[in-house]
1. Of the conditions (1) charged (D, E, K, R); (2) in a helix (DSSP H, G or I); (3) open to solvent by less than 70 Å² (accessible area, probe 1.4 Å), D570 satisfies every one except a single condition; which number is it?
2. Among the residues of region 386-409, count how many are under 12 Å from the mean Cα position of the chain (by Cα) and of a type outside the set (A, V, I, L, M).
3. Tally up the residues in region 289-315 that are in a loop (DSSP other than H, G, I, E, B), open to solvent by less than 10 Å² (accessible area, probe 1.4 Å) and of a type in the set (V, I, T), please.
4. With region 431-515 as the region, which helices (runs of 4 or more DSSP H) entirely inside it contain at least 2 residues that are open to solvent by 10 Å² or more (accessible area, probe 1.4 Å) and out of contact with any strand residue (DSSP E or B) (no Cβ under 8 Å at 6 or more places or on another chain)?
5. Which one is nearest to V476 (Cα to Cα) among residues in region 524-543 that are open to solvent by 70 Å² or more (accessible area, probe 1.4 Å) and in contact (Cβ under 8 Å) with a residue 60 or more places away in the chain?
6. Among the residues of region 275-286, is any in a helix (DSSP H, G or I), open to solvent by 40 Å² or more (accessible area, probe 1.4 Å) and either at pLDDT 95 or above or out of contact with any strand residue (DSSP E or B) (no Cβ under 7 Å at 6 or more places or on another chain) (or both)?
7. So which helices (runs of 4 or more DSSP H) stay within region 178-265 end to end and still have 2 or more residues that are among the β-branched types (V, I, T)?
8. Just checking, how many residues over region 124-163 are of a type in the set (S, T, N, Q) and open to solvent by 20 Å² or more (accessible area, probe 1.4 Å)?
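The values are calculated or read from the model by the stated rules, or taken from the named source; none is laboratory data. Just so it is clear, the model here is predicted, and its values are computed rather than measured. A quick note on method: Cβ atoms are made from the backbone with ideal geometry, for glycine too, and the neighbour counts reach across all protein chains shown. Protein only, heavy atoms only, side chains kept; ligands, DNA and RNA dropped before computing areas. Shrake-Rupley method; radii C 1.70, N 1.55, O 1.52, S 1.80 Å.
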Amino acid sequence: MPKLTGGQVVAQVLKQYGVEYVAGIPGHGIWSLTDAFLEKGSEIPFVQVFHEQSAVHLADGYYRVSGKPMAAVTSIGAGAANTVLGLATAYADSTSLLCITGGPPTHMRGHGLLQELDRHTDNGFPQVTDAVSKRSWTATRVEELPFIMHRAFSAMLTGRPGPAHIEVPMDVQAEAAEVSLHDLQRRLPVGVAHPDPAAIDSAVRVLGDSRRPVIVVGGGAITANAFDDILALAENWSIPVVTTWNGKGAFPEDHELFAGSVGQTGTIVGNAIASKADVVISVGCRFTDWSASSYAQGVSFSIPPAKLVHIDIDPHEIGKNYPAEVGIVADARPAVAGIVASLPSARPDRSEYLAELAELKHEWETKLAGRRDSDRYPFTSQRPLGALRNVMDRDGIVIAGSGNTQGAVKQTFPVYQPRTHLTSGGFSSMGWAVPAAMGAKLAAPDRQVACVLGDGDFLMTAQEIGICVTHEIPVVFVVQDNSGFMSIRGGQRKQTSRHIGTEFNRPDGTPYSPDFKALGTAFGLESFRVDSPADLEATYRMAFESNAPALIEIPTDRDAAGPWVPGWWDFPIPAYIDDERQDEYRENRAKEQHL
């Protein structure tokens, strides 16, 4: 057996297991590990970021496009703590990545080592990661590392995806032992989880009795590569399809059966179709409050009386928020394929139902056009999105930032293929989009990648645009500048009529905004500012054709910044406010079916 240091074990295993990039900051607590990436046979391109949070977000974006995990490495203490938001985001959205952090030397634990958390327990940081990772390990000896590494990959690549965390103490990184590295292919379960045939038969019977079925597609459908089977189910049985935040892209949005998004910031079409369905076929959807309008009966869903066929790889999700007529614990692809294969060949007549869908879509298109085609200046959130869609390739990838931009992209920017729309859905993390876009471009270097986000979101990780220059990652960043956290302001106004801490203003009350074009130029990006609707498409073309990192600043109206809100979100109204909003809240709260 070869004699390897802990750092060499990690580096060689990552190389053997097919990891193509490592991102991070090589602080002192990880030096012996990162040095091993320079050893012959262990060379993996290292993407140096400016903040450890961004390293994890970058790995997250890479996985969402490629379906393959990459690694993020950071130091002990503050560097490790900076990864928590990235881990939480990936955990909430079920995306896989490996986060490796340094740790105190095993013989120094509990002594208050520089950057050690030692008051509650010796070396307390691994406990922090327990809630935001699928599994977390702390290596205590070099000999443990081969086993820990293959278990981490098994956790990430099987069942419901999620991030894994490994802490490697500084002495374990540096010390050597005789070890054998484990062949990953002989350590992973083979195949995917197939459904119980009896459950498929039950689902087919329920679907066979339906008059107004709907398919709701979540992010799990994309993870399982179930889009072709979902398309077949929809077409063979004439079933409209709605999507959640992370399900966007699992069904082509120019298809006649596409009914839009569902939920609080879904679409009027999606909510109308889903709320009146008599059978709901859920594929990889966990029914969050955003996607289910806080479970208010009849707003996004009506379960019951609607019957739910719930397909999910994770049994934890079935029955959690809605009772299931049929619960199918399985990988989404064979489950949907099994339903398709078992359906009668005769297609039901849903002409009246589909005519209703077509009419709703026509009404929604008219509503969209009012903002998407508007020539007002500063721009609506939707106007630049329509122009961007006209310019981008069909398989181009859009990354949507948090807040108003997230909802506007969901409603206004159609996508046609899986893994071409990325957003931080479950955690809605500001600061995620910029580094995630970089990871997406590393995963798909030959495809267009545009990152669309508000100025508040952008400013949280704006420094990372410099990494696009140092590593030649040609992402186009579209910064919709409305001088503030306008999504938050909108919620405050609706809830209390007042707002605080959301507008970026000078002391005299006038809006404040950095010169984002100048900022992009200072970082070395091709930079533009668009002040006329007529210049939008031409500017986008110049940015993409430059084949270089680019930034486009788009002044956006503060009061025309957000998406429509056809659903409902449970915002408790302060007791001291006694007006119609309190009545509306009580009325919708009474409709909630999840308790």
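1. Every listed condition holds for D570 apart from (2).
2. Matching residues across region 386-409 total 3.
3. So the count comes out to 1.
4. In region 431-515, the matching helices (runs of 4 or more DSSP H) lie at 486-496.
5. Looking at residues that are open to solvent by 70 Å² or more (accessible area, probe 1.4 Å) and in contact (Cβ under 8 Å) with a residue 60 or more places away in the chain, I get R541.
6. Checked region 275-286: no residue is in a helix (DSSP H, G or I), open to solvent by 40 Å² or more (accessible area, probe 1.4 Å) and either at pLDDT 95 or above or out of contact with any strand residue (DSSP E or B) (no Cβ under 7 Å at 6 or more places or on another chain) (or both).
7. Helices (runs of 4 or more DSSP H) meeting the threshold: 197-208, 219-223.
8. 5
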